[in-house]
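So the structure is just underneath, and the comments pick up after that.
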Amino acid sequence: ADLVIGKEVSKKSVKTGEIITWTITVTNNGPDAAVNTRVTDKLPAGLVYVTHSGEGNYDPVSGLWIVGDLANGETKKLVISTQVNITNATIVNVANVTTDTPGNNPPPVNNTTKVDPKADLVIGKEVSKKSVKTGEVITWTITVTNNGPDAAVNVRVTDKLPAGLIYKEANGNYDPVTGLWIVGDLANGESKSLVIYTQVNITNTTITNVANVTSDTPG
């Protein structure tokens with residue numbers, strides 16, 4: 001029996017938490033029946049078994065798919081649904097087939113998917129005084145922390161000063177015209193802060209100063 005095994009993944013690039021499927025097909029090119037055909041596909045680290053469908057009996061713990069007998073020219077298929085629970089890695093999922101009928105003993109097949117990195121960014125903001133008079137200089141301290149699990153690449157904060165504040169100076173790479181603070185890369189667990197000095201030039205009002213953070217790394 002000349003067995004051929006194939007394997008496909010539903011997505012080649014994924015994010016943690018996504019559900020992806022792995023489709024395994026086994027074909028017997030004969031000339032005789034393949035008796036007691038078995039496929040082993042033990043899910044690698046980074047994949048959590050969800051469900052499966054198809055012909056035969058699959059055990060997600062051992063990774064054994066009991067295909068059964070395959071007549072000459074017959075094909076059987078198994079679809080395994082998994083959830084990705086890893087970040088910033090390449091998942092390699094390997095399957096191999098055996099049968100009690102002598103044949104060509106095909107080598108294992110594998111398929112891969114790339115899992116994107118993930119960074120959980122937290123931004124905080126404090127003002128030096130909650131009640132001020134016109135003409136006073138106050139500071140706004142912005143802190144960005146990366147809670148990981150991966151590095152946050154090209155982190156940027158936008159804090160365009162509202163009406164009522166005159167920019168004086170800042171302690172980082174901050175553009176007062178656009179309000180852009182180029183934070184740069186943040187490792188897992190790393191924090192960076194920016195202090196903006198402003199002068200109040202308005203009276204009898206509440207000044208609301210808003211900041212938001214973005215990164216090229218998904219979060």
Of all lysine pairs in segment 1-153 that are eight or more residues apart or on different chains, those with Cα atoms under 21 Å apart total 19
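Might you report the magnitude of the Cβ-based charge dipole of the chain about its Cα centre, with Lys and Arg at +1 and Asp and Glu at -1, to the nearest 20 debye?
Working: 18 positive and 21 negative charges, 195 e Å.
In total the dipole reaches around 940 debye.
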Expected vector for segment 164-172, Karplus 3J(HN,Hα) from phi with 6.51, -1.76, 1.60 and θ = phi - 60°, integer Hz, x for Gly and Pro, equals x, 10, 10, 5, 10, 6, 8, 9, x
Of the candidate values [x] 28.8, 93; [y] 19.8, 63; [z] 23.2, 72, the one computed for Rg and Dmax of the Cα atoms in Å from this structure is [x]
Check: C-alpha center segment 11-35 vs C-alpha center segment 111-131, spacing in Å is 37 Å
Dipole check, the chain, charges on Cβ (K,R +1; D,E -1), about Cα centroid: among 26, 36, 138 the Cα furthest to the positive pole belongs to 138
Listed by chain and number, the residues whose amide H is under 5 Å from that of residue 147, excluding neighbours fewer than 5 places away on the same chain and using placed H, are 120, 121, 122, 189
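If you add up the charges near residue 147, with Lys and Arg at +1 and Asp and Glu at -1, over every other residue whose beta carbon is less than 12 angstrom from its beta carbon, what do you get? Mind dumping the intermediate values first?
On the way: positive: 118; negative: 120, 150, 190.
Net charge in that neighbourhood comes out at -2.
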For segment 58-161, the Cα convex hull volume per residue in Å³ comes to 172 Å³
Note to self: with every protein chain in place and a 1.4 Å probe, the chain gives an accessible area per residue in Å² of 51 Å²
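Cβ under 15 Å from residue 49's Cβ, residue 49 left aside: what net charge do those residues give with Lys, Arg +1 and Asp, Glu -1? Mind showing how you got there, number by number?
Working: positive: 42; negative: 18, 41, 59.
With Lys, Arg at +1 and Asp, Glu at -1, the neighbours total -2.
The values are calculated or read from the model by the stated rules, or taken from the named source; none is laboratory data. Keep in mind it's a predicted model, so treat the numbers as computed, not measured. Don't worry about glycine lacking a Cβ; one is built from the backbone with ideal geometry, like all the others, and counts go over all protein chains shown. To get the accessible areas, we keep the full protein, side chains included, count just its heavy atoms, and leave off ligands, DNA and RNA. Shrake-Rupley method; radii C 1.70, N 1.55, O 1.52, S 1.80 Å.
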